[in-house]
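Q: This is the structure, below, for whatever I ask next.
Bear in mind these aren't lab numbers, they're just calculated from the coordinates by the rules spelled out. Only a predicted model underlies this, so the values are computations on that prediction, with no experimental measurement involved. As a convention, Cβ positions derive from the backbone with ideal geometry for all residues, glycine included, and neighbour counts pool all protein chains shown.
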Amino acid sequence: MTLTNRIRLKLARAQFDVDVDLHLPGTGITVLFGASGSGKTSVLRCVAGLERAASGFVRIGDAVWQDDGQDIFTPTWRRPLGYVFQEASLFEHLDVQRNLEYGLRRAARSADRSALEEAVDLLGIRTLLQRRPQALSGGERQRVAIARALATQPRLLLLDEPLASLDLPRRREIMPWLERLRDQLAIPMLYVTHSMDELSRLADEVVVLDKGRAVAAGPVGEVLAQGDLPALADEEAGTVIQGVVLECDARWHLARVQLPEGSLLVRDNGLAAGSRVRLRILARDVSLTLDEPTRSSIQNHLPGVVDAVMADSHPAQALVRVRCSGNTLTSRVTWKSVEELQLRPGLAVWVQVKSVAVIA
Amino acid sequence: MLDHHAWQAIWLTLELATLTTVLLLLVSTPLAWWLSQTRSRWRAPISAVVTLPLVLPPTVLGFYLLVLMGPQGPLGQLTLALGLGTLSFTFTGLLIGSIIFSLPFAVQPIQHAFESIGPRPLEAAATLRASPFDAFFSVALPLARPGLLTAAILSFAHTVGEFGVVLMIGGNIPGKTRVVSTQIYGHVEAMEYAQAHWLAGGMVAFSFAVLLCLALLKRKGASVVR
């Protein structure tokens, strides 16, 4: 896959300067991750042309949208993009159908209603078409907003914390639709969030922003395993690994997920054997032993080699990164344990995993 | 009950109010849009000028308009040079005075409506390929509809109710510039209380109906926005 999408932006903000240089793959979700006020939304708005970066270069496919070297700046309405705002941005004076058609009628590749029909099915909103936006729930509004953006057949989809204004049940309701987008759309998506949950479920690639700078970038598994990122080292620190469901055990309601280095037992929430799943393992649920545990309530343990020992957010704690053949897990332990077990890079250990969340 | 002169005055009042309302909406909508969007340093002074007719006594406004439109005034000189005669004591002059007098009643509701839309719907329109011009007509105007309606009703009612400006620049000429309010004044001066009662009572009923409409409109608008 060639990296043809390039976003380089510099702009001044009140507390700091934003300075990023991003490459987006041709498809899939790239998550811009960072704490509130780290400049994520500014980057997104500049890519869309809603704000103008002091100096920037934005190229999506073969189209250059902004190049201050050549004084090129395409206004937003001439950029073939889709934008989903944090809060519902449906036109209140139009019903759902006419909201969807608003962009379609104005798109360059006009009269292609198939894109609209596809978007309607992809987001499951066919029954809502005659409703007014006022009569929709928050989750339905965001699904309509996403479909409206897709109906224009954008070359890039920008999503600015699309779940942030929703409560937890609504987020759970809309998340599967976003996963469908990731798996079925052939365009790049740039997704802004500060939620670790959304990051680990949706991201293919991730760019971690801190005070306007990209402090880490790459495939989500690698970046999350680094662990030494201040933006990631909170209660939610952990890693995401992929595996295949091997078998389901009806008696214990458990499923065995095959990983390169072994397998893990996870709670079976209706998993199908043979399907690919993402597992999220929090650092606080991972402990380390020097010998293979034999008599323990913890079912899951894997062999690995310590890769790095890093400072955590609290002075009592350390994050230990352990490489288990292909994957990396992080474990939150106390510095006291680090000294007593003599944990250091290169040491062979057993990793005990107390809890695994199946996220997709 | 109502004689020929009364009906003439009523008809003229309605004509003046309708024309004033239509022209005011055409002038006020772009002006209100500019005031709601601009970050220019001219915003505050222009906004103050637009609001002036709200606080000035109608006689002050009428006096300056009279001077401006008279044979010695710049506007009067212009219309004379164009062969149109002077505008004072004509229906056109009255119309110009009414437009200026009711300007804040049209601009303010429209401006508030535009401001309450906020930037988001227009940004959304831009991301859906709508040019700024397109977005104004397809998003901003429809969303500002309650404000436009309020502006129209207020302008109409305010023009029907004006007296001072009419007297100053209209001169109370029957069939030309005599409207209901000045007709009532004339009746009272002539001690024709019965005639004055009919017209005055009609004005009270009309004004009540207008304000009732506005209140109902506001409630409906609120329930739609919810």
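Q: From the residues B:Ala196, A:Phe33, B:Leu217, which one has its Cα farthest along the dipole of the protein assembly as shown in the positive direction, the dipole being from +1 and -1 charges on Cβ of Lys/Arg and Asp/Glu about the Cα centre?
A: Comparing the listed Cα positions along the dipole, B:Ala196 ranks first.
Q: If you don't mind, there's one more thing I want to ask. If I take the Cα coordinates of the range B:4-225 and project them onto the principal axes, what are the three extents in Å, biggest first?
A: Largest first, the range B:4-225 extends 65, 45, 27 Å along its Cα principal axes.
Q: Would you kindly state how much longer the chain becomes between A:Asp67 and A:Ile298 on full extension, computed as 0.36 nm times their sequence separation minus their alpha carbon distance, in nm to one decimal? Can you show the working numbers first?
A: Numbers: separation 231, 0.36 × 231 = 83.16 nm, distance 5.58 nm.
Once the chain is fully extended between A:Asp67 and A:Ile298, it gains 77.6 nm.
Q: Hey, another quick one. Please list, in order along the range B:56-69, the HN-Hα scalar couplings obtained from phi with the Karplus expression 6.51 cos²θ - 1.76 cosθ + 1.60 (θ = phi - 60°), rounded to whole Hz, x for Gly and Pro.
A: 6, x, x, 5, 5, 4, x, 4, 5, 5, 4, 4, 5, 8
Q: With all pairs of different alpha carbon atoms counted, what Kirkwood hydrodynamic radius in Å does the range B:139-185 show? The partial results should precede the final answer.
A: Details: mean 1/r = 0.0813 Å⁻¹.
Computed over the range B:139-185, the radius equals 12.3 Å.
Q: In addition: If amide hydrogens are placed 1.01 Å from N in the peptide plane, which non-local residues have theirs closer than 5 Å to the one on A:Trp65?
A: Correct list: A:Val58, A:Arg59, A:Ile60.
Q: Short version: ³J(HN,Hα) in whole Hz for each residue of the range A:35-50, in order, from phi by Karplus 6.51 cos²θ - 1.76 cosθ + 1.60 (θ = phi - 60°), x for Gly and Pro, what are they?
A: Couplings: 5, 4, x, 8, x, 5, 5, 4, 4, 4, 5, 5, 4, 7, x, 6 Hz.
Q: Right, another one. Equivalent ellipsoid semi-axes for the range A:5-226, as square roots of 5 times the alpha carbon gyration tensor eigenvalues: give them largest first, rounded to whole Å.
A: On the way: eigenvalues 150, 87, 49 Å².
Each semi-axis is the square root of five times an eigenvalue, giving 27, 21, 16 Å.
Q: For the protein assembly as shown, take the alpha-carbon Rg, divide it by the Kirkwood Rh, and send me Rg/Rh. Let's see the in-between values first.
A: Working: Rg = 34.4 Å, Rh = 29.1 Å.
Looking at the protein assembly as shown, the ratio lands at 1.18.
Q: Residue by residue through B:132-142, how many Cβ atoms from other chains fall within 10 Å of the Cβ on average? It would help to have the intermediate numbers written out before the result.
A: Details: counts 3, 0, 2, 2, 0, 0, 6, 5, 0, 1, 4.
If you average over the peptide's residues, the count of other-chain Cβ atoms is 2.
Q: From the backbone phi of the range B:178-193, what are the Karplus-calculated ³J(HN,Hα) couplings (6.51 cos²θ - 1.76 cosθ + 1.60, θ = phi - 60°) in whole Hz, Gly and Pro given as x?
A: 8, 9, 4, 5, 6, 5, 4, 4, x, 4, 5, 4, 8, 6, 8, 5
Q: For the range B:4-225, what is the charge dipole size about the Cα centre, in debye to the nearest 20, if Lys and Arg each add +1 at the Cβ and Asp and Glu each add -1 at the Cβ?
A: On the way: 11 positive and 7 negative charges, 131 e Å.
The calculated dipole for the range B:4-225 is roughly 640 debye.
Q: Using the reciprocal of the averaged 1/r over all distinct C-alpha pairs, how large is the Kirkwood radius of the range A:103-143 in Å? Numbers along the way, then the final one.
A: Values: mean 1/r = 0.0882 Å⁻¹.
11.3 Å is the Kirkwood radius here.
Q: What residue among B:Ser181, B:Ser116, B:Ser40 shows peak mean-square fluctuation when chain B is described by a Gaussian network model with Cα springs under 10 Å?
A: B:Ser40
Q: Give me A:Cys324, B:Cys213 sorted ascending by neighbouring Cβ count inside 10 Å, so fewest comes first.
A: Details: A:Cys324 19, B:Cys213 14.
If I rank by nearby Cβ atoms, fewest first, I get B:Cys213, A:Cys324.
Q: Sort largest first and round to whole Å: the equivalent ellipsoid semi-axes of the range A:238-358, each the square root of five times a Cα gyration tensor eigenvalue. Please list the in-between numbers first.
A: Working: eigenvalues 144, 37, 33 Å².
Values for the range A:238-358, descending: 27, 14, 13 Å.
Q: While we're on this one: Got a sec? Charge dipole of chain A, +1 on Cβ for Lys and Arg, -1 for Asp and Glu; which of A:Ala255, A:Asn5, A:Gly103 is way out at the positive end?
A: A:Gly103
Q: Would you calculate a helix-derived [θ] at 222 nm for the protein assembly as shown, using -39,500 (n - 2.57) for each DSSP H run of n ≥ 4 and dividing by the full residue count, to the nearest 500?
A: Working: 18 runs with 246 residues, N = 586.
Result for the protein assembly as shown: -13500 deg cm²/dmol, rounded to the nearest 500.
Q: Now for a separate question. Quick check for me: using +1 on Lys/Arg Cβ and -1 on Asp/Glu Cβ, what's the dipole size of chain A about its Cα centre, in debye to the nearest 20?
A: Details: 44 positive and 44 negative charges, 167 e Å.
In total the dipole reaches around 800 debye.
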